[in-house]
Amino acid sequence: MDVLQTWIVVGVPGLLLAAVLFVGNSRVRAMGGYAVLLATMLTFVLVPGDPLSAAAIGLAMVVFVANGRGQGADDQLPEHHEHRERFTVAEH
């Protein structure tokens with residue numbers, strides 16, 4: 001497989017899946033996102049002749065780690081559905 005085919009078959013779906021897993025403040029989903037990014041990066045390491053693709057995916061991992069995704073701070077933040085105020089019953 002050449003680099004373009006690898007991006008079409010593995011790279012784009014892997015990055016989309018990782019992006020979906022990083023939505024919200026869940027530590028478990030963030031760890032899944034890191035696993036998907038790592039697997040995608042290792043796939044590009046094995047493709048001969050294109051170390052820049054692996055480096056780009058690795059850079060995405062570094063950015064997420066630098067932002068603290070999947071760390072203890074995520075457990076303290078509420079999910080988007082946990083702080084809705086519309087359509088709730090008023091307390092008496």
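Details
- Prolate/oblate/rounded call for the range 3-72, Cα gyration tensor, a/c under 1.5 rounded: prolate
- When peptides 46-57, 24-35 are ranked by their average number of other Cβ atoms within 10 Å per residue, the highest-first order is 24-35, 46-57.
- Additional length obtainable on full extension of the chain from Leu4 to Leu38, 0.36 nm per residue less Cα span: 10.3 nm
- Label point distance in nm, Leu52-Val20, each placed 7 Å from Cα along Cα→Cβ: 3.0 nm
Read the figures in this text as sums done on the coordinates, not as results from a lab. Model, not experiment: these values are computed from the prediction. Quick reminder, even Gly has a Cβ in these numbers, built from the backbone with ideal geometry, and neighbours come from all protein chains shown.
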